[in-house]
Amino acid sequence: MPEWWIERGIGEDRMVLVEGGEIIEARISLDGTVRAGSIVAARLANPGTNGRNAIAVGEGGVEFLLPSGASGVTQGATLTIEVTREAIPGHEPWKRPLARASGEAQHSAAVFDAKPRDLLFPSPPDELEDAGWDDVLDEARTGAVAFAGGELRISATPAMTLIDVDGYLDPEELTALGAAAAALAIRRLDIGGSIGVDLPTTSGKTARQRAAAAIDELLPQPFERTTVNGFGFVQIIRPRRRPSLIELAQDRATFEARALLRRAAFEPPGAKIVVAHPIIIAVFDEHSGWLSELATQIGGTVGLRADPSLTISAGYATSR
C-alpha cells in the first residue's frame, strides 16, 4: 500500500509517496512557504483595479495576489485570506502566491490526509535515496525522463508545462508508451496546471485511444483532458497548488545548494569543507544559517571552497 514519507531537511522538507519501494509522487516544500489551504491574516496593500488583482501582505512581508479582489476591504485594513496557490519561481507578479478573501478562522493547511512516516535525517540507511530520490532530482533538473523505447523532454513555460515524447519505436507503440510515461512523470514530479503532451503523429484512432486510456488509468483524479488529436497533442489540466519539481529546479543555484546540503549531511561525522561552483558558494554566503544547521548535523565545523571547474550540480563535501 502506498505510504507518505517526510524528510525534514535544511531549507526544505522533502515529501514522497512510496509504493513497492519506489517514489510515485514527490514534493518539495521550501522553508517559509505558507502552504496552500492555509488561512492567514494579511493587510490589504493595494485594492487592485476594477475589483481584481488586489495585493495583500502577510507575515514576514510576503505578498499575496488576490485575483478576485477584496470587496469591502479598505486599503491598509486587515483581512483573512486563504492561500490557494503557493509562489511559483520567477519574478513575474502573477507568480506570487495566490489567495482569496476568507471568513474562516486562521489555521495552517494539513499537508497529508494520513500521518506520514518521519524519516530520521541524516541517519543511515538513506531510505529516500534507496527509493530513487536522486533520480527524481535529476529528472527535475534536466527535464529528461527515459522510458523503454524513448524519452520525455519536459519544459516549463509561462503558459503551460510541455512534454515532448520522442523515441525509436513504431509511432503507434511509442504513442501509447509515451502517454503512459508522461502520466507517471506528471504525478512523480508534481506537475499541475495546464500541461501539453506532444505525442507522435499517428494515422489511426486506435493508438490515440490507447494513449488516452493510459493517461486515464495512471494519472489520479482530479484532472481534465482533451482527446488526443490527429497531430498527437493532448492537453491535461490538473489543480495547481504549489510549484512542480520542474519549476523549483529552474531556480537552479538554490535547488542545487539544498541538494548538496543533503549529500553532505550523509557524510561521516566531523569537520567538513564543502567544495562547489562559485554560484553555489554565493548561495551559502546568503544563507549562512544553512551551514550552521549542517555543522550541527555532522558534529563539526563547515568551511567553503569555490571550484569553478565543477558543474553546478557536482559539489561535494570532504573532510578537513
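Pick out the one residue from S313, S292, S288 that is closer than 18 Å to F121 by Cβ and of a type in the set (G, A, S).
S292
So which residues in the stretch 37-65 are crowded, with 19+ Cβ neighbours inside 10 Å and within 30 Å of A140 (Cα to Cα), if there are any at all?
Across the stretch 37-65, the qualifying residues are S38, F64, L65.
I want to confirm something. Restricting to the stretch 61-88 and keeping residues that are assigned to a loop (DSSP other than H, G, I, E, B) and touching a Pro at 6+ places or on another chain (Cβ under 6 Å), which single residue is nearest to A45 (Cα to Cα)?
Filtering the stretch 61-88 for residues assigned to a loop (DSSP other than H, G, I, E, B) gives 62, 67-77, 86-88.
Right, trim to touching a Pro at 6+ places or on another chain (Cβ under 6 Å) and you get 75, 86-88.
Working: Q75: 6, E86: 19, A87: 18, I88: 21 Å.
That would be Q75.
Pairs only if they're at least six apart or on different chains, beta carbon under 7 angstrom, first in the stretch 187-203 and touching a residue at least 24 places away in the same chain (Cβ under 8 Å), second hydroxyl-bearing (S, T, Y) and assigned to a loop (DSSP other than H, G, I, E, B); list them, first residue then second.
L189/S244; D190/S244; I191/S244; G192/S244
Taking only the stretch 204-230 into account, find how many residues are in contact with a strand residue (DSSP E or B) (Cβ under 8 Å, 6 or more places away or on another chain) and assigned to a loop (DSSP other than H, G, I, E, B).
6
I'd like the full set of residues that are modelled with pLDDT under 95 and surrounded by 14 or more Cβ atoms within 10 Å (Cβ to Cβ), limited to the stretch 70-84.
A70, V73 - these are the residues of the stretch 70-84 that are modelled with pLDDT under 95 and surrounded by 14 or more Cβ atoms within 10 Å (Cβ to Cβ).
Name the residue that is nearest to A131 (Cα to Cα), counting only residues in the stretch 1-36 that are charged (D, E, K, R) and surrounded by 15 or more Cβ atoms within 10 Å (Cβ to Cβ). Break it down into steps so the answer makes sense when it comes.
Start the filter on the stretch 1-36 by keeping residues that are charged (D, E, K, R), which leaves 3, 7-8, 12-14, 19, 22, 25, 27, 31, 35.
Narrowing further to those that are surrounded by 15 or more Cβ atoms within 10 Å (Cβ to Cβ): 7, 12-14, 25, 27, 35.
Details: E7: 13, E12: 19, D13: 16, R14: 13, E25: 11, R27: 14, R35: 25 Å.
Among those that are charged (D, E, K, R) and surrounded by 15 or more Cβ atoms within 10 Å (Cβ to Cβ), it is E25.
I'd like to know if the stretch 157-178 contains one or more residues that are closer than 26 Å to G37 by Cα, in a loop (DSSP other than H, G, I, E, B) and among the aliphatic types (A, V, I, L, M).
Filtering the stretch 157-178 for residues closer than 26 Å to G37 by Cα gives 157-161.
Adding the requirement that they be in a loop (DSSP other than H, G, I, E, B) leaves 157-160.
From what is left, the residues that are among the aliphatic types (A, V, I, L, M) are 159-160.
Yes, there is a match, as at least one residue in the stretch 157-178 is closer than 26 Å to G37 by Cα, in a loop (DSSP other than H, G, I, E, B) and among the aliphatic types (A, V, I, L, M).
So K95 ticks every box in (1) without any contact (Cβ under 8 Å) to a residue 12 or more places away in the chain; (2) more than 21 Å from T254 (Cβ to Cβ); (3) under 17 Å from the mean Cα position of the chain (by Cα) but one. Which box is left unticked?
Failed condition: (2).
The values are calculated or read from the model by the stated rules, or taken from the named source; none is laboratory data. Note that the coordinates shown come from a computational prediction; the quantities given were computed from them, not determined experimentally. Positions of Cβ are backbone-derived with ideal geometry, glycine not excepted, and every protein chain shown enters the neighbour counts.
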